[in-house]
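Novice: What follows is a single structure, and I will ask about it in a moment.
The values are calculated or read from the model by the stated rules, or taken from the named source; none is laboratory data. Values in this document were obtained by computation on a predicted structure and should not be read as measured data. Don't worry about glycine lacking a Cβ; one is built from the backbone with ideal geometry, like all the others, and counts go over all protein chains shown.
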Amino acid sequence: MKNLEIDLLVAEIGSTTTVLNAFDGLENGEDPVFLAQANSATSVQCGDVRQGLDEAKAALAEKLRTDNITARNYFATSSAAGGLSMTVHGLVKDMTVRAAREAALGSGAVLRLVTAGKLRRSDLEQIRAIDPRIIMVAGGVDFGERDTAIFNFTKLAEQLTDTPFLYAGNCENQHEIQLIADESNVEVHLSENVYPEIDRLNIEPARAIIQAIFEEHIIEAPGMAHIYDQVSGKIMPTPGAVMAMAELLYADLGDLLVIDVGGATTDVHSVTPGSDAMQQISVAPEPFAKRTVEGDLGVFINRHLVFEEMPERLRRQLSPAAVAALDTLTEQPQTEADWELLEALTETCLSTALERHAGRIFESYSPQGREKMVKGKDLTQVSTIILTGGALTNLQKPDLMLRRVLAAASADKLYPGADARVIIDRDYIMASLGVMASRYPAGALKIIRNSADLKISPE
């Protein structure tokens, strides 16, 4: 039996599809290479993720003309079985709640509920129904208000004894929170405060803990019980892996933006501090690395919602056949009309998600008169934009689509400039490289440089 021994396999286990990527040349670091990619239907619904992984591995072996593949390391990312579902509970909506939300999203979480203030019975009922993978409690700047976080944690610990908790609020509460956890026999992880003082975010420690909890408890997700029978190393939430790669690329490429248009959601990741001028007039701090996820913007599952949001300009350009394809569109477009519709849906998702992610300039009146202020994330310093996700990478010219969106932006939107470089993740390996980077950061950078044409000059 012919066996191929390689350095790394990375599985991306999605809700419907499992993608398996093979890499080699990582141990010596001199000539890392992306060998091939194969996919299969995700078998979580069958109660065992191993079936889909085995099918993808067999398909990969056939592509590489071998009978079997042995990997020295086997990593994975996952968004199957609900992904990293979380609820977040803080004190003030625009302060500690917002900071906790940014920490959760940056780690790759799917936020199912966010609350401010003391929890009500209806909130607790909703949380029990959601059955989140992790519950995050925050609230109060350091040495500030204490009671709300303690009240919320006590109520939650009484009713959700099997769910791991993360406390990331007022540091004075940590000992009390641990005592309550011990008395209630619940698992709690203590982090630095996500909002330690007014107008200062501190989300990185909480993000790291969220991903560690996810990796530890992934076996409890439906169909994932035997995941470690196959995967020997790191498992990350898929969006968290994309963010990890974006942060690694920042050191290499500078300020950047990653846009991922998928079948169910559209994610936007930005890694940039913004400009000094915009920071000085910003009404609230923004994280250096920010992720937004738009659950209503997906080209397949949410295509009817997206069609309703579609600009009239795009609708008028659609042929009658493309409009009719809205009710019959599948995850794999079959006809010219399908592709025509998909392109219009993708541009709508891209445009709307970018608008929601980016900040804007507005005018406010004060005793000193009319003043310009900034709300949201400043993207004006972004010099590189990476397009990934199945919808974008399967289109012929997604870079031209993006440039149309940027060119049409009004002056008050803090978008990247028209001269930003656009890179297309044609191999669809951004998430795999993110989890690879946990062990082989230099190799991940070299592979994406080989995969994407980083010498593309702006149009």
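Novice: Here are 72, 101: which of them is in contact with a Leu (Cβ under 8 Å, 6 or more places away or on another chain) and either without any contact (Cβ under 8 Å) to a residue 24 or more places away in the chain or assigned to a loop (DSSP other than H, G, I, E, B) (or both)?
Specialist: Within the list 72, 101, the selection yields 101.
Novice: Another question, then. With the requirement that a residue be assigned to a loop (DSSP other than H, G, I, E, B), buried (at least 22 other Cβ atoms within 10 Å of the Cβ) and touching a Gly at 6+ places or on another chain (Cβ under 6 Å), what does segment 258-298 give you?
Specialist: If the condition is that a residue be assigned to a loop (DSSP other than H, G, I, E, B), buried (at least 22 other Cβ atoms within 10 Å of the Cβ) and touching a Gly at 6+ places or on another chain (Cβ under 6 Å), then 262, 265 are the ones that fit.
Novice: Scan segment 214-248 residue by residue and report those that are in a loop (DSSP other than H, G, I, E, B), more than 19 Å from the chain's Cα centre (by Cα) and surrounded by 20 or more Cβ atoms within 10 Å (Cβ to Cβ).
Specialist: Result: 223, 224, 231.
Novice: Oh, and also: Look through 293, 271, 261 and report the one residue that is under 14 Å from the mean Cα position of the chain (by Cα), β-branched (Val, Ile, Thr) and at pLDDT 95 or above. Walk me through it before giving the result.
Specialist: Numbers: 293 fails: at pLDDT 95 or above; 261 fails: at pLDDT 95 or above.
After ruling out the rest, the residue left standing is 271.
Novice: With the requirement that a residue be touching a residue at least 40 places away in the same chain (Cβ under 8 Å), closer than 18 Å to residue 193 by Cβ and outside any strand (DSSP E or B), what does segment 105-142 give you?
Specialist: Once the filter is applied, which keeps residues that are touching a residue at least 40 places away in the same chain (Cβ under 8 Å), closer than 18 Å to residue 193 by Cβ and outside any strand (DSSP E or B), segment 105-142 yields 105, 106, 107, 138, 139, 140, 141, 142.
Novice: Being in the same structural domain as residue 315 (by TED's automatic domain parsing), within 16 Å of residue 258 (Cα to Cα) and either surrounded by fewer than 23 Cβ atoms within 10 Å (Cβ to Cβ) or in contact with a Gly (Cβ under 9 Å, 6 or more places away or on another chain) (or both) narrows it down to one of 440, 415, 365, 428, so name that one.
Specialist: After applying the criteria, what remains is 428.
Novice: If you scan segment 188-213, which residues turn out to be part of a loop (DSSP other than H, G, I, E, B) and either surrounded by 17 or more Cβ atoms within 10 Å (Cβ to Cβ) or in the same structural domain as residue 77 (by TED's automatic domain parsing) (or both)?
Specialist: Residues satisfying the conditions are 191, 193, 194, 195, 196, 201, 202, 203.
Novice: Being modelled with pLDDT under 90 and outside the structural domain of residue 295 (by TED's automatic domain parsing) is the requirement here; does residue 117 meet it?
Specialist: Values: modelled with pLDDT under 90: no; outside the structural domain of residue 295 (by TED's automatic domain parsing): yes.
Considered against the rule, which asks whether it is modelled with pLDDT under 90 and outside the structural domain of residue 295 (by TED's automatic domain parsing), residue 117 comes out as no.
Novice: Assuming residue 110 fulfils every condition listed in (1) surrounded by fewer than 20 Cβ atoms within 10 Å (Cβ to Cβ); (2) outside the structural domain of residue 195 (by TED's automatic domain parsing); (3) aliphatic (A, V, I, L, M) apart from one, which condition is it?
Specialist: Single failed check for residue 110: (2).
Novice: Another question, if that's okay. Quick one: in segment 16-58, of everything that is farther than 19 Å from residue 434 by Cα and among the hydroxyl-bearing types (Ser, Thr, Tyr), which residue is surrounded by the fewest Cβ atoms within 10 Å (Cβ to Cβ)?
Specialist: Here the answer is 16.
Novice: Tell me which of these residue 423 doesn't satisfy, since it passes every other one: (1) of a type outside the set (Gly, Ala, Ser); (2) in contact (Cβ under 8 Å) with a residue 60 or more places away in the chain; (3) surrounded by 17 or more Cβ atoms within 10 Å (Cβ to Cβ).
Specialist: (2)
Novice: Quick check on this structure: which one of 364, 383 is at pLDDT below 90 and of a type in the set (Gly, Ala, Ser)?
Specialist: Checking each option against the conditions leaves just 364.
Novice: Please find, within segment 367-380, the residue that is modelled with the lowest pLDDT out of those that are in contact with a Leu (Cβ under 8 Å, 6 or more places away or on another chain) and not in a strand (DSSP E or B).
Specialist: Within segment 367-380, the match that is modelled with the lowest pLDDT is 376.
Novice: Select, from 195, 167, the only residue that is closer than 20 Å to residue 85 by Cβ and among the hydroxyl-bearing types (Ser, Thr, Tyr).
Specialist: 167 is the lone residue from the list that is closer than 20 Å to residue 85 by Cβ and among the hydroxyl-bearing types (Ser, Thr, Tyr).
Novice: Got a sec? Which of 328, 388 is surrounded by 15 or more Cβ atoms within 10 Å (Cβ to Cβ), at pLDDT below 95 and either assigned by TED's automatic domain parsing to the domain that holds residue 266 or aliphatic (A, V, I, L, M) (or both)?
Specialist: 388
Novice: So residue 434 fits all but one of (1) assigned by TED's automatic domain parsing to the domain that holds residue 286; (2) at pLDDT below 95; what number is the exception?
Specialist: Unmet for residue 434, out of (1) assigned by TED's automatic domain parsing to the domain that holds residue 286; (2) at pLDDT below 95: (2).
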